[in-house]
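First the structure, in the form of C-alpha cells, and then the observations on it.
None of the figures in this text is laboratory data; all of them are computed from the coordinates on show. All values reported here derive from a predicted model rather than from experimental measurement. As a convention, Cβ positions derive from the backbone with ideal geometry for all residues, glycine included, and neighbour counts pool all protein chains shown.
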Amino acid sequence: MNRALNCLFLLLQLTKLTTSCSCYMPRYQNSFCTAHFAITANVTSSELYFRDGRTLSSYVRESVVPSRLDRREYNYAIDVIDVFKTSTSFEAADNDYVISDAFDGSCGIELSVGTVYYMTGHIRNNHMVVSSCFTTAPLSELKAGQLAGIHGLYEANCKCRVNEQMLGRWKRKRICQAQWYSPCEEQQAVCVKRKGGKCTWRFIARESCILDDED
C-alpha cells in the first residue's frame, strides 16, 4: 500500500513538471467576450477526482497507479449568485459545480471554499470549466473598470479587444493598447467603440495608471 501511494505521488509530481499550460494572461474584456459564461458564485465545497470519475482514495485502496493521461481535476460545488453572460451551452450545462484541473501546469486554478468569485469559462461535456485561460478572481478584488465591464460595458463592446501578444487578426482600430502583464488599464477603464468604429479606453476611475487613450 505504501509503495503504491509513493508511486502515485511521484507520478503526479512528474506530470506536473512535464505538462505546461499553453495559455497566457487573459484580459477581462477579451475573456468575457469569448467565454461561454460569466457569473458570480460562492464556492461551497471541493473534491478531487480523476477524469475517469474515481477519487484519489479509490486508487490508493486498490494499490493502483493511475495513467499519466488521467489528469486530476477538482469539482467545486457552487451557488450561482449573478449571471452576466449566458449561452445555449451554459443553459444546458450543470450549473451546480465548476471543474478545473488540479494543477496549474494544465491551466488549472485553485478556488477557496467560502469565497465569492467572478468566473468566466467554457462548457465541456455539459460541465462548466474554469482555468487560467479565462479570468477568475474573488469578487471583492475587482476594480471599478472591471465591475463596470461585467455589468454591461463588456457585452456592449465585444467588437473591441484589449491588445495582447499573439492577439491575432484584429483590425488595429478595434484594439485598445495595454501594457503587457499590467492589469492597470482594465482596472480603471473599458475598451469601447466610438463613432467611426475606433475603439478607445473609457475611464471609469482615475488613479495612478496612465493610459494611451484618454476621454
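Structural remarks
- Computed lengthening from Asn126 to Ser112, 0.36 nm per intervening residue step minus Cα-Cα distance: 2.7 nm
- Relative packing of 85-96, 39-50, which averages over residues the other C-beta atoms within 10 Å, highest first: 39-50, 85-96
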